[in-house]
Amino acid sequence: EGCAAATALAQIKWLHHKGCIADVVVSAKNKNKLLLLSELEEVSRNVYLATDDGSVGFHGPVAQLLELLLNKDEHGYDLVIAVGSLCMMKAVTTTTQGHGILTITNFTLLLADSIIQNSGFKINVAGITKDVAQDGPEFNASTVDFEQALSRISISLEHHVENNEFSDNSPKIKSMIK
C-alpha cells in the first residue's frame with residue numbers, strides 16, 4: 001500500500017508541476033492504512049477515499065468508486081493512472097474501458113518485491129512479452145493481458161514458496177495479487 005501511495009504521489013506532483021489538474025482516488029483496507037493523504041491533497045483538486053471496511057470514505061473497492069465518479073462525469077476525465085495490485089488495476093481498467101478513457105497501469109508495486117526483481121516479471125502487452133522492470137513499469141492498460149499476468153505471478157509465487165524462499169502467508173505477497 002505504501003509503495004503505491006508514494007508512486008501515485010510522485011506522479012501527481014509531476015502532473016501538478018506541468019499544470020495538469022488531477023483528482024486522486026485512494027483505497028486501503030481501513031483508514032489507518034491510508035498514507036500520504038495531506039501530501040496528495042496539496043497537489044490534487046480532489047482526493048476521494050475508499051476503504052474495504054467503510055471506516056472512511058466510500059465503503060468498497062476503488063473500481064466501484066471510480067465507476068460512480070465517471071458516471072457523474074463532472075470533470076471530464078481523459079486519463080486514469082492505476083497503481084496497485086494486479087486485481088485492482090484489472091478492475092480499474094475494465095471500468096475505464098467502459099467509458100473510453102485512456103488508462104495507464106503502473107507495476108511499481110510488483111517491482112518493490114525483491115523476489116520479483118531478482119527473477120524478473122514478464123507480462124504480455126499487445127501480444128508481446130515485456131519485462132516489467134526493463135520495459136515498464138507503466139503500460140497502456142488496454143493492451144495488458146491481466147489474466148496472463150495474474151497466472152504468471154501465481155506460478156512464480158508458488159515456485160518461491162515451494163523453495164522456502166518466503167512464507168506463503170506473507171501479507172506483502174498476498175497484497176500483490178489482491
**Message:** Cβ-Cβ distance below 9 Å, separation of 6 or more or different chains: which pairs start in segment 12-28 with a residue that is closer than 19 Å to A63 by Cα and among the polar types (S, T, N, Q) and end on one that is part of a strand (DSSP E or B) and open to solvent by 20 Å² or more (accessible area, probe 1.4 Å)?
**Reply:** S27/L49; S27/F58
**Fill in**
(1) under 16 Å from the mean Cα position of the chain (by Cα); (2) of a type outside the set (S, T, Y); (3) more than 26 Å from V125 (Cα to Cα) all hold for K90 apart from (3)
**Asked** Among the helices (runs of 4 or more DSSP H) contained in segment 37-156, which hold 1 or more residues that are among the basic types (K, R) and surrounded by 13 or more Cβ atoms within 10 Å (Cβ to Cβ)?
**Response** 86-97
**Prompt:** Do we find a residue being under 27 Å from L150 (Cα atoms) and part of a loop (DSSP other than H, G, I, E, B) anywhere in segment 1-24?
**Reply:** yes
**Prompt:** If we keep just the residues of segment 71-103 that are closer than 16 Å to D145 by Cβ and aliphatic (A, V, I, L, M), which is modelled with the lowest pLDDT?
**Reply:** L86
**Request:** Scan segment 6-49 for residues that are within 24 Å of K72 (Cβ to Cβ) and in contact with a Gly (Cβ under 6 Å, 6 or more places away or on another chain) and report the count.
**Result:** 1
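The values are calculated or read from the model by the stated rules, or taken from the named source; none is laboratory data. Please read all numbers here as calculations on a predicted model, not as lab measurements. In this analysis, Cβ positions are derived from the backbone assuming ideal geometry, glycine residues included, and neighbour counts consider all displayed protein chains. Keep in mind that these areas ignore ligands, DNA and RNA; they rest on the heavy atoms of the full protein, side chains included. Shrake-Rupley method; radii C 1.70, N 1.55, O 1.52, S 1.80 Å.
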